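For reference, the structure is listed below as structure tokens.
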Amino acid sequence: MEQAFDLSDNNSLTTRTEVQKASNQSPITCEELADIEVASTQTPISVHEKEIASGDTENNKLTSDVWEHFKRQKVGGNLEYIAVCNYCHKRLSAKRKNGTSHLRTHMGLCFMRSNHTVESTQKQLQAKKESGKCKVSTFSFNQETSRKELANMIIIHEYPLNMVEHWAFKKFVGSLQPMFRIAITTNMWTTSNQQKGFMAITSHFIDDNWQLQSRIIRFLYLPCPHTAEVLSEALVSCLLEWNIDSKLSTLTVDNCTTNDAMIDILLEKISSSSLSLNGDLFHMRCAAHILNLIVKEGISVISDSIERIRNSVLFWSATPKRQEIFYGTARKCNISCNRNLVQDCKTRWNSTYLMLDRALVVKEVFPRLKQRESLYKFLPTEEDWVFAKEIRDRLESFYEVTTLFSGTRYPTANIYFSSICEIKLSIYEWMYSNCEKIRAMADSMIGKFEKYWSVVHGFMAMAAVLDPRFKMKLIEYYFDLLYGDGAQKEIENVRSFCYDMLKDYQARCKSKENSQVPIQASAASSSRAVVAHSKLGKRLANFDAFVDQSGGTTHVKSELDYYLEESVIPRSENFDILCWWKTNGSKYPTLQAIARDVLAIPVSTVASESAFSTGGRFVSPHRSRLHPKTLEALMCAQNWLCAEFDGMKMYFNFTTV
């Protein structure tokens with residue numbers, strides 16, 4: 001009978017660890033997959049047995065596919081045949097009268113074979129036979145392993161050390177690990193049970209299938225104090241660990257002085273040449289936080305005007321008994337009361353909006369309750385309700401935009417520009433209100449809005465231009481409403497910004513191409529150098545200056561020119577901009593690269609903040625002693641596994657359509 005694998009044996013455990021490590025390193029060929037040698041786990045094969053072992057000496061050829069996983073050898077004094085497992089080296093009988101059923105049984109039970117399934121091995125072998133190519137589908141890129149294997153290759157084969165600088169080698173490596181830029185969001189969180197500070201770092205990118213992806217790459221514990229130096233050191237360490245310090249597009253953080261100082265330190269440690277526009281776009285301020293600051297500024301002006309409504313809601317929500325009386329009275333008045341009253345919080349403006357929205361639905365209940373409850377002394381006046389309705393209606397657009405910006409399933413960046421423009425137009429309208437309190441509220445909000453408008457609108461406008469439904473038309477439409485006679489200047493600023501982005505990406509592509517220029521081109525370069533230093537070369541240089549002065553140069557249209565000249569496509573709510581750039585990007589390869597980076601940039605830190613709710617569930621009162629590294633492992637593992645599961649659901653939904 002087949003014996004179970006002995007996990008108590010130290011050699012077995014060592015062998016299993018070695019195999020598991022081997023399976024997580026660089027990709028292996030089919031021959032290596034079939035011939036991988038591990039330590040013997042049960043009865044070792046002696047040196048004498050290995051020397052006399054040979055191939056099949058019988059005339060009949062072995063035809064069963066089971067022999068792809070066993071080696072047939074002769075051992076012992078009688079030179080009897082045995083079958084040695086390729087994975088655990090266990091020896092089984094190989095006499096023809098015994099057949100191969102016991103060998104198949106062992107294949108299903110062999111622990112060492114768990115990392116090498118029959119299906120994958122057969123498919124790889126068949127692929128090699130048919131096309132000469134083999135692919136191991138479980139391969140995952142590991143930077144350190146790749147560097148180690150490259151060093152081993154150079155040492156063993158005595159390759160020149162400068163081969164890593166050869167253009168063909170760079171081209172080859174580029175095909176193995178394609179480059180794309182990554183946006184980062186980060187935020188801090190303090191656990192309520194452990195009172196420890198954690199830093200969540202989330203990456204955002206568009207994958208090769210043009211699907212928007214986000215992954216938590218670190219959830220690390222940071223001891224106090226959480227200064228700009230400490231935060232920047234932790235962030236740089238993470239970027240270097242993941243080898244993405246030269247692939248960053250933006251870093252989105254909340255608006256605070258500590259984050260501003262952290263960004264300054266990061267820009268000193270990260271090469272600005274690797275960042276878009278030399279780092280001008282690197283610092284992205286959380287748009288949801290900006291809106292929160294703007295509305296809080298306005299609500300602070302009118303807070304006293306809604307005080308009676310606030311006190312009324314607080315009074316009737318204070319105890320279960322009062323809540324029962326309130327909702328019972330509402331039912332007697334035939335007032336639908338499906339949603340509970342909401343108490344507002346001074347640090348969360350949207351709670352004030354929800355408080356007014358819920359209270360307005362049941363405003364007729366409060367006068368009736370005043371007649372039966374002597375302790376209730378905060379009855380709002382009719383003027384209070386009129387003012388509350390006007391505030392609720394004006395804050396509704398802010399609430400919708402904040403909800404859009406704060407979604408954990410955040411949309412692509414192309415839809416933000418129109419939303420932020422609508423907010424600015426709303427504030428301008430409030431400034432001409434007949435109500436003095438509304439005008440005071442608008443004056444307070446517009447100052448805070450303008451402080452951040454110039455910071456975010458350039459990037460958002462670029463994302464809108466990359467939407468084939470909008471292009472520059474959307475910019476022209478909104479800027480005409482916002483700036484009037486000064487609209488053209490602002491439009492040209494956005495246009496110039498787009499062309500600067502195009503030139504920046506083209507320069508990067510050109511630099512990459514130049515680094516891959518063959519050495520054979522040096523002869524042509526030297527011949528051009530001779531001409532440049534000759535009298536003819538100097539004369540032609542004067543000719544170039546003459547052409548520039550006489551306006552003889554012709555304007556060569558860029559990708560952006562051709563893109564903007566095409567008509568916008570009809571608007572539709574279910575338009576998939578990522579799918580459009582995936583299928584149409586071949587006409588505009590540089591713009592496609594820009595779109596892949598820009599559309600992945602989040603405008604809020606909600607992706608990192610949403611991790612804190614998950615962290616709160618992990619660090620429950622019953623798990624308050626979790627080690628920080630264990631918590632990080634749980635957080636990252638859950639995030640990556642859930643993302644993989646969502647991707648599988650998306651794939652199956654697509655294939656079943």
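In Å², what does the accessible area per residue of segment 418-480 work out to with a 1.4 Å probe?
Dividing the accessible area of segment 418-480 by its residue count gives 39 Å².
Distance from the Cα centre of segment 296-321 to that of segment 345-396, in angstrom?
Rounded to whole Å, the Cα centres lie 7 Å apart.
Run the quick spin-label model on Ala440 and Cys224: label points 7 Å from Cα toward the beta carbon, then report their separation in nm to one decimal.
Modelled inter-label distance: 3.9 nm.
Round to a whole angstrom and tell me the spacing of the C-alpha centers of segment 83-112 and segment 192-225.
With segment 83-112 and segment 192-225 each reduced to a Cα centre, they are spaced 47 Å.
Please give the length that would be gained between Leu482 and Leu277 if that part of the chain were fully extended, namely 0.36 nm times their separation in residues minus their C-alpha to C-alpha distance (nm, one decimal).
Taking 0.36 nm per residue and subtracting the Cα distance, the gain is 71.1 nm.
Return the FRET efficiency for the residue pair Glu233, Thr381: r is the Cβ-Cβ distance, R0 is 60 Å, and the value is rounded to the nearest 0.05.
E(calc), rounded to 0.05, equals 0.60.
Can you give the FRET efficiency for Val556 and Ile335, using 1/(1 + (r/R0)^6), R0 = 60 Å, r = Cβ-Cβ distance, to the nearest 0.05?
The computed FRET efficiency comes out at 0.30.
Could you check the spin-label model distance between Thr319 and Lys196? Points 7 Å from the Cα along Cα→Cβ, value in nm.
Result for the modelled spin labels: 4.2 nm.
What pairs from Lys471/Lys503; Lys377/Lys437; Lys424/Lys451; Lys448/Lys473; Lys247/Lys510; Lys471/Lys582 go past 22 Å between their alpha carbons?
Going by Cα-Cα distance, Lys377/Lys437; Lys448/Lys473 fall outside the 22 Å limit.
Can you compute the label reach from Lys503? Point 7 Å from Cα along the Cβ direction, backbone N cut-off under 18 Å, restricted to segment 472-495.
So the set is 491-495.
Residue separation times 0.36 nm, minus the C-alpha to C-alpha distance between Gln211 and Leu150: what's the value?
Working it through step by step, the gained length comes to 18.8 nm.
First compute the accessible area of segment 191-275 with a 1.4 Å probe, then give the percent of it belonging to carbon and sulfur atoms.
Answer for segment 191-275: carbon and sulfur cover 48 percent of the accessible area.
Tyr221: net charge of surrounding residues, Cβ under 13 Å, Lys/Arg +1, Asp/Glu -1, itself excluded?
+2
How much net charge surrounds Leu375 when only other residues with a Cβ under 13 Å from its Cβ are counted (Lys, Arg +1; Asp, Glu -1)?
+4
Based on the Cβ-Cβ distance from Thr630 to Phe546, what FRET efficiency comes out when R0 is 56 Å, to the nearest 0.05?
E between Thr630 and Phe546, to the nearest 0.05, is 0.15.
Dividing the convex hull volume of the Cα atoms of segment 310-372 by its residue count, what figure in Å³ per residue is obtained?
Dividing the Cα hull volume of segment 310-372 by its residue count gives 77 Å³.
The values are calculated or read from the model by the stated rules, or taken from the named source; none is laboratory data. As the structure is a computational prediction, the values presented were derived from the model and not from experiment. Note that we place each Cβ from the backbone using ideal geometry, even for glycine, and neighbour counts take in every protein chain shown. Note: areas computed on protein heavy atoms with side chains; ligands, DNA, RNA excluded. Shrake-Rupley method; radii C 1.70, N 1.55, O 1.52, S 1.80 Å.
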